[in-house]
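Enquirer: Please read through the structure below; I'll follow up with questions.
The values are calculated or read from the model by the stated rules, or taken from the named source; none is laboratory data. Keep in mind it's a predicted model, so treat the numbers as computed, not measured. Positions of Cβ are generated from backbone atoms using ideal geometry, with glycine treated the same way; all protein chains shown enter the neighbour counts. Side chains are part of the model used for accessible areas, which takes the heavy atoms of the whole protein and leaves out ligands, DNA and RNA. Shrake-Rupley method; radii C 1.70, N 1.55, O 1.52, S 1.80 Å.
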Amino acid sequence: MTDRSPRLLPWTAPGGKPCYLFTDDDGGFLSRYADEVEALQLGMGLGLLEHARVLIDDPAADARQLRFLSVQLSAALRDAVRVAQARGAGVSAQLE
């Protein structure tokens, strides 16, 4: 038996419930895949931030564009928080 905490994965189950990985193998297939998904999520968030700067500075941007941007930024922030929790806070800090 191990005292390692389960890993919070960067995706959710149906209904938005968190998914966890119970393993002693940090280099296993699912662990590597989760690392790749986290890197992709963070990279997409950075790209979205750059797009946000451009759109916010555009005086021709309309409410529909800004609303869509806010939805996407919210999703990217949710992903970033999940990654931060998975990397540092452990299972006790779950997303609501």
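Enquirer: Just one of (1) in contact with a Ser or Thr (Cβ under 7 Å, 6 or more places away or on another chain); (2) of a type outside the set (G, A, S); (3) under 13 Å from A86 (Cα atoms); (4) not in a strand (DSSP E or B) trips up V37, so point out which.
Expert: All conditions pass for V37, except number (1).
Enquirer: Just to be sure, is T12 β-branched (V, I, T) and in contact with a Cys (Cβ under 9 Å, 6 or more places away or on another chain)?
Expert: On the way: β-branched (V, I, T): yes; in contact with a Cys (Cβ under 9 Å, 6 or more places away or on another chain): yes.
Here the answer is yes, as T12 does meet what is asked.
Enquirer: Checking the conditions here, which among L77, L42 is open to solvent by 80 Å² or more (accessible area, probe 1.4 Å) and either out of contact with any strand residue (DSSP E or B) (no Cβ under 8 Å at 6 or more places or on another chain) or not in a helix (DSSP H, G or I) (or both)?
Expert: Going through L77, L42 in turn, just one is open to solvent by 80 Å² or more (accessible area, probe 1.4 Å) and either out of contact with any strand residue (DSSP E or B) (no Cβ under 8 Å at 6 or more places or on another chain) or not in a helix (DSSP H, G or I) (or both): L77.
Enquirer: Okay, moving on. Within the stretch 17-33, identify whether any single residue is part of a loop (DSSP other than H, G, I, E, B), out of contact with any helix residue (DSSP H, G or I) (no Cβ under 7 Å at 6 or more places or on another chain) and surrounded by 12 or more Cβ atoms within 10 Å (Cβ to Cβ), and answer yes or no. Spell out the reasoning first.
Expert: To start, the set of residues in the stretch 17-33 that are part of a loop (DSSP other than H, G, I, E, B) comprises 17, 22-28.
Among the residues that remain, those that are also out of contact with any helix residue (DSSP H, G or I) (no Cβ under 7 Å at 6 or more places or on another chain) are: 17, 22, 24, 26-28.
Now restrict to residues that are surrounded by 12 or more Cβ atoms within 10 Å (Cβ to Cβ): 28.
Checked against the condition, which is being part of a loop (DSSP other than H, G, I, E, B), out of contact with any helix residue (DSSP H, G or I) (no Cβ under 7 Å at 6 or more places or on another chain) and surrounded by 12 or more Cβ atoms within 10 Å (Cβ to Cβ), the stretch 17-33 yields at least one hit.
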